[in-house]
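The values are calculated or read from the model by the stated rules, or taken from the named source; none is laboratory data. No experiment lies behind these values; they were computed from the predicted model shown. Note: ideal-geometry Cβ built from the backbone for every residue, glycine included; neighbour counts use all protein chains shown.
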Amino acid sequence: MNDLRSIPAYLMRGGTSKGLIFHKKDLPNDRNVLTQNLLKIMGSPDVRQINGLGGGTSVTSKVCIISKSLEKDVDIDYFFAQVEVDRNHVDYAPTCGNMLSALGPFAIEEGLVEASNEITKVNVKSINTNALITLDVPTPDGKLKYSGNFKIDGVPGSGSQILMNFKNLEGKSTGKLFPTGNTIDTFDGINVTCFDLATSMMICDAKEFNILGNENSKELNNNRKLLDRIEQIRLIAGMKMGMGDVRGKVLPKVSLLSKSLNKNSIISRYFTPYSCHETHAVTGTCCVASSCLIPGTIGFNLLEKNEGLDLQSEIIKIEHPMGTIDCAIVLNSNFKNNLILKKDLIKSCGIYRTSRILMKGQVYF
């Protein structure tokens, strides 16, 4: 017995992120109380998060809150919280696609979804963004399988591949695929594609920020002038996208793109938004890759396309500081006609990830 409170939790890696997963029923409904609890649990604000379970980086300070869904054809509801490392703040606006890959295994581990033979489909609704995602989780002979030979850049070793198929993605933050109504806007001399698919982003040509675009994350994060300039443009973009004053908020995210030597590939440096991601967020991958298939955008103009580009289904490879990530995009059957309307263009995005359970027990705070 002691004077601390405790609740059940899982610590899991999902894709290139790591975080805690809770049942909703074990957490307070009051948002202010929830925020204070999560800050204590993760050890924020502190750059080391030494007094909590956070890992001292944005990609290791994540929380997923899960409940059995009451909606038809949906298995679990997923509410995401980004616990800031060095600020007394928890952001409930974004979601995390990497951690999403851990939720299928979690749901099976906890009996929220019954395992099938070979592949178990787990249908997830993101409460933060209202997106629908189907996870194909390997369950040979009805047993959850974490081990395997599939590798993802940014994670040592290998695991069993989980397919995440994202649907209903357009306008999750602002209500519009192109929040400003334009494929390209110019803010203070910088050309910007404001795009809202899976997450809201401002997408730019890296050269306009006086960088090559292939620098590593450490070099970019040490470039204070670059980070200040990105934030200056992001604040303008946020207002133009109808998101108000986004100072201190994580949306819209930022991607600086540059040309790749490879066909159907694009080099991306993804900012979260105050630092460059060592790899690439899953939702950001869906957003950037999809934008590259839409004529008139920054990404489309930089992408070296395969001849005979298939406008129904295409794989776009994003090159990030630690490797690559593929995104399989299925376009709407009326894609060409819908270009005029600038909506109903992307049907779905598919991405493979791996996940692993690290710990199950009680977290004290």
Selection from segment 151-173 of residues modelled with pLDDT of 95 or more and touching a Pro at 6+ places or on another chain (Cβ under 9 Å) yields SER160, GLN161, ILE162, GLY171
Among residues belonging to segment 1-33 that are touching a residue at least 40 places away in the same chain (Cβ under 8 Å) and of a type in the set (A, V, I, L, M), point out the one that is farthest from ASN98 (Cα to Cα). LEU4
Quick check: is even one residue across segment 230-244 in a loop (DSSP other than H, G, I, E, B), surrounded by fewer than 17 Cβ atoms within 10 Å (Cβ to Cβ) and either touching a helix residue (DSSP H, G or I) at 6+ places or on another chain (Cβ under 9 Å) or without any contact (Cβ under 8 Å) to a residue 60 or more places away in the chain (or both)? yes
Is there a residue being touching a Pro at 6+ places or on another chain (Cβ under 6 Å) and buried (at least 16 other Cβ atoms within 10 Å of the Cβ) anywhere in segment 303-314? no
Of all residues in segment 251-277, count the ones that are surrounded by fewer than 18 Cβ atoms within 10 Å (Cβ to Cβ) and not hydroxyl-bearing (Ser, Thr, Tyr). 4
In segment 148-157, is there at least one residue being touching a strand residue (DSSP E or B) at 6+ places or on another chain (Cβ under 9 Å), among the aliphatic types (A, V, I, L, M) and closer than 21 Å to LEU70 by Cβ? no
Somewhere in segment 331-348, is a residue under 30 Å from ASP228 (Cβ atoms) and surrounded by fewer than 20 Cβ atoms within 10 Å (Cβ to Cβ)? no
With respect to CYS349, is the statement that it is within 15 Å of the chain's Cα centre (by Cα), outside the structural domain of VAL155 (by TED's automatic domain parsing) and farther than 30 Å from ASN222 by Cβ true? yes
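When the residues of segment 110-146 are narrowed to those that are among the charged types (D, E, K, R) and within 18 Å of ASN98 (Cβ to Cβ), which ends up surrounded by the most Cβ atoms within 10 Å (Cβ to Cβ)?
First, the residues of segment 110-146 that are among the charged types (D, E, K, R): 110, 114, 118, 121, 125, 136, 141, 143, 145.
Cutting the leftovers down to within 18 Å of ASN98 (Cβ to Cβ) gives us 125, 136.
Working: LYS125: 20, ASP136: 18.
Taking the candidates together, the pick is LYS125.
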